[in-house]
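To start, the structure itself, in structure tokens.
Each value in this text was obtained by applying a stated rule to the coordinates, not by laboratory testing. Model, not experiment: these values are computed from the prediction. Here the Cβ is made from the backbone with ideal geometry for all residues, glycine too, and neighbour counts use every protein chain on show.
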Amino acid sequence: MKTTYQNKYPKSLLNKGTGYLSGYSHSLNPYTGCSFGCSYCYVRQMPVSLFRGAEWGSWVDIKREAAVLFEKELRRAKAKGPVTIFMSSSTDPYQPIEQKEQITRSLLEVMVSDPPDFLWVQTRSPLAARDIDLFQRLGDKVRISMTVETDRDEIRKHFTPAAPPIAARLKTLRLLAEADVPAQATIAPLLPSSEAFADILRPLVKRVCLDDYFMGDGSGGKRTRQLGIEQLYKQIGLEEWYQPDAFRMVYERLRAVFSEEELFLSQKGFEP
């Protein structure tokens, strides 16, 4: 799918943390839209996508002069109380265009100079490794959450063909660990995986979050059903993985190699 890019000059960047992100004071999105265009992305059902008139994944807005605006907003927000930021809630901050535009990096540079109380970085892109130098400077005020829905790349290709390969994401987790950057593997949403998945993750992280459509889409799975995701499971004969209790099998496999304190379910695994 070809992605169309537009330049935008937003009037604000920080949004109040609500709903699933109510544990955060703010959310922060360096871009609007996401070229990864994942089939199950809940943003497909949100106004920003529905009213666009173009398929999710086919367009991205680049937020110009973001760092200048963010520096002012961050300063004002910190004057009112603790600032905890979730980046990003409706786009991947390290989607391919970031390699060129570096909007996300410019925002991180602001935060290095004037740190929030905590920053959560949610991504599925190995490009995050580029900014290890800035993550290190933020110390324990940052956590990188790397989405790794499965260890099977053929499954990844079926559900999210434009997203980065699984091996590249696992390599990024290793690089983050070697650099002592706080990180977690986020199996969200849960996709079909092998019995070896837990053992693959064990050397890379000390923290794993597991979530699925039924716990994590904010509507008990209704939003996901509207996307027709179940049909993608039927196409590969793995309908049993599209069930509210499917996560239990993966959770038990994780428990065999991780402690209870290292495992988190759904919203708890995304809190500051």
> Would you list Glu261, Glu239, Glu109 from fewest to most Cβ contacts within 10 Å?
Replying inline: Glu261, Glu239, Glu109
> Taking the Cα atoms only, what angle lies between the long axis of helix 103-113 and the longest principal axis of the chain, rounded to 10 degrees?
Replying inline: 60 degrees
>> Set the bar at 19 Å for Cα to Cα. Now go through Lys16/Lys78; Lys11/Lys63; Lys141/Lys171 and name every pair that lies beyond it.
In response: Lys141/Lys171
> Which of Cys209, Cys34 comes first, and how do the rest follow, when ranked by fewest Cβ neighbours within 10 Å?
Replying inline: Cys209, Cys34
> Which of (1) 1.18; (2) 0.97; (3) 1.26 is the computed Cα Rg over 2.2 N^0.38 Å for the structure on display?
Replying inline: (2)
>> Could you tell me the center-to-center distance, by alpha carbons, between the range 17-37 and the range 111-128 in angstrom?
In response: 12 Å
> How large is ³J(HN,Hα) for each residue in the range 239-256, as worked out from phi by the Karplus curve 6.51 cos²θ - 1.76 cosθ + 1.60 (θ = phi - 60°), to whole Hz, x for Gly and Pro?
Replying inline: 4, 5, 7, 9, 9, x, 9, 5, 5, 4, 5, 5, 4, 5, 5, 5, 4, 5
> Going toward the positive end of the dipole of the range 162-272, with +1 on Lys and Arg Cβ and -1 on Asp and Glu Cβ, which of Leu191, Pro203, Ala256 do you reach last?
Replying inline: Leu191
> How big is the C-alpha Rg of the range 1-143 next to the rule-of-thumb value 2.2 N^0.38 Å, as a ratio?
Replying inline: 1.01
> What is the P(r) of the range 134-260, as percent of Cα-Cα pairs per 10 Å bin from 0?
Replying inline: 12, 42, 33, 12, 1
> What is the dipole size for the range 4-270, taken about its Cα centre, with +1 at each Lys and Arg Cβ and -1 at each Asp and Glu Cβ, in debye to the nearest 20?
Replying inline: 820 debye
> Once you put a point 7 Å from the Cα of Thr18 and another 7 Å from the Cα of Asp180, both along the Cβ direction, what distance in nm separates them?
Replying inline: 4.1 nm
> With each pseudo-label sitting 7 Å past Cα toward Cβ, what's the Arg52-Lys234 distance in nm, one decimal?
Replying inline: 2.7 nm
> If you take every DSSP beta bridge whose two residues both sit in the range 74-170, what share of them, in percent to the nearest 5, is antiparallel?
Replying inline: 0 percent
>> With loop defined by DSSP as not H, G, I, E or B, and exposure as at most 10 other Cβ atoms within 10 Å, which is the longest segment of the chain clear of exposed trypsin sites (Lys or Arg not before Pro)?
In response: 12-272
>> Just to confirm my understanding: which cysteines in the chain have no other cysteine beta carbon less than 4.7 Å from their beta carbon?
In response: Cys34, Cys209
>> If I take R0 = 41 Å and measure r between the Cβ atoms of Leu263 and Ser113 in this structure, what FRET efficiency does the formula 1/(1 + (r/R0)^6) give, to the nearest 0.05?
In response: 0.70
> Quick one: Karplus J couplings for the range 20-29, per residue in order, coefficients 6.51, -1.76, 1.60, θ = phi - 60°, nearest Hz, x for Gly and Pro?
Replying inline: 4, 9, 5, x, 10, 6, 8, 10, 9, 10
>> Please list, in order along the range 85-97, the HN-Hα scalar couplings obtained from phi with the Karplus expression 6.51 cos²θ - 1.76 cosθ + 1.60 (θ = phi - 60°), rounded to whole Hz, x for Gly and Pro.
In response: 10, 9, 10, 10, 8, 9, 7, 8, x, 10, 5, x, 5
> Mean shadow of the range 78-164, computed from the convex hull of its alpha carbons, in nm²?
Replying inline: 6.4 nm²
> What number, rounded to the nearest 500 deg cm²/dmol, is the helix-based mean residue ellipticity at 222 nm of the chain, given -39500 (n - 2.57) per DSSP H run of at least four residues and division by all its residues?
Replying inline: -9000 deg cm²/dmol
> For Asp61, Asp151, Asp245, what ranking results if the residue with the fewest other Cβ atoms within 10 Å of its Cβ goes first?
Replying inline: Asp245, Asp61, Asp151
